[in-house]
Every structure is written in structure tokens, then in C-alpha cells.
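Visitor: Before I ask anything, let me first share the structure, which is written out below as C-alpha cells.
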């Protein structure tokens, strides 16, 4: 996916309503997870990403700081995130528990 024409979300847009359900792309533009939920708002919020699994079954939730992800909106208005982490690196992170 070419992200050059995608519009980056501003700090005020980093809220649960915009981020929950967003696909997270890692290195080589591979899908590495999906945003399950968000704690807080803005760049200081914590984003919970479901990594691995199939159709949400067996996925491992991991917590990352919102400012470590690059959230953007594509030409169709869909929000997604880009990170340099691979799926394996995310899976190695501690499991998040609410």
C-alpha cells in the first residue's frame, strides 16, 4: 500500500472513535494486527493491538504508545496505522490485560 497520499491524523483525532478497528501495517506493509481499544486520548494514549489469531480468535493483545504508531486516513477515509515493528516483534511484547 502506498501511504504517500494518505493524510496523517492530528493529535486531536487520536481518539477511540477514530482508532478502534484500524488495521496496523508493519514492515513490508504486511498486516500485523488491529486496534482493539484505546486508553486515553492524543499522543499520550495507549493503543491495544490484537496481534495474530484468525478472525479475532487466538489474538494476543499488546499495548503500545499512540505516538509510536503513525495513524493516517486513506483516500476512502479509512483510518489505519503504520509501524516499523513486525508481527513477530509485537507478539514478543507482554500481553496486555485490562
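The values are calculated or read from the model by the stated rules, or taken from the named source; none is laboratory data. Everything numeric in this text was worked out from a predicted model, so none of it was measured. Here the Cβ positions follow ideal geometry from the backbone for every residue, glycine too, while neighbour counts run over all protein chains shown.
Visitor: Can you name every residue in region 77-98 that is part of a loop (DSSP other than H, G, I, E, B) and over 18 Å from residue 14 (Cα atoms)?
Guide: Filtering region 77-98 for residues part of a loop (DSSP other than H, G, I, E, B) gives 77-78, 83-86, 92-98.
Passing the criteria: 84, 85, 86, 92, 93, 94, 95, 96, 97, 98.
Visitor: Please determine, by comparing only the residues of region 28-56 that are within 16 Å of residue 11 (Cα to Cα) and touching a helix residue (DSSP H, G or I) at 6+ places or on another chain (Cβ under 6 Å), which one is surrounded by the most Cβ atoms within 10 Å (Cβ to Cβ). Working first, answer last.
Guide: We begin by selecting, within region 28-56, every residue within 16 Å of residue 11 (Cα to Cα); these are 38-47.
Filter once more, so that each one left must be touching a helix residue (DSSP H, G or I) at 6+ places or on another chain (Cβ under 6 Å): 38, 42-43, 45, 47.
On the way: 38: 19, 42: 13, 43: 12, 45: 17, 47: 28.
The selected residue is 47.
Visitor: For region 51-61, indicate whether the set of residues that are touching a strand residue (DSSP E or B) at 6+ places or on another chain (Cβ under 7 Å) and either in contact (Cβ under 8 Å) with a residue 60 or more places away in the chain or in a helix (DSSP H, G or I) (or both) is non-empty.
Guide: Checked region 51-61: no residue is touching a strand residue (DSSP E or B) at 6+ places or on another chain (Cβ under 7 Å) and either in contact (Cβ under 8 Å) with a residue 60 or more places away in the chain or in a helix (DSSP H, G or I) (or both).
Visitor: Further, regarding this structure: Here is a check on your reading of the model: is residue 8 touching a strand residue (DSSP E or B) at 6+ places or on another chain (Cβ under 7 Å) and surrounded by fewer than 16 Cβ atoms within 10 Å (Cβ to Cβ)? If you could, list the steps in order and put the result at the bottom.
Guide: Values: touching a strand residue (DSSP E or B) at 6+ places or on another chain (Cβ under 7 Å): yes; surrounded by fewer than 16 Cβ atoms within 10 Å (Cβ to Cβ): yes.
Yes; evaluated as a whole, the condition is true for this residue.
Visitor: Let me ask something additional. Checking residue 1 against (1) within 25 Å of residue 98 (Cβ to Cβ); (2) part of a loop (DSSP other than H, G, I, E, B); (3) in contact with a helix residue (DSSP H, G or I) (Cβ under 6 Å, 6 or more places away or on another chain), only one condition comes out false. Which one?
Guide: Answer for residue 1: the failing condition is (1).
Visitor: Out of 59, 16, report the one residue that is at pLDDT below 95 and buried (at least 16 other Cβ atoms within 10 Å of the Cβ). If you could, list the steps in order and put the result at the bottom.
Guide: On the way: 16 fails: buried (at least 16 other Cβ atoms within 10 Å of the Cβ).
Only one candidate qualifies: 59.
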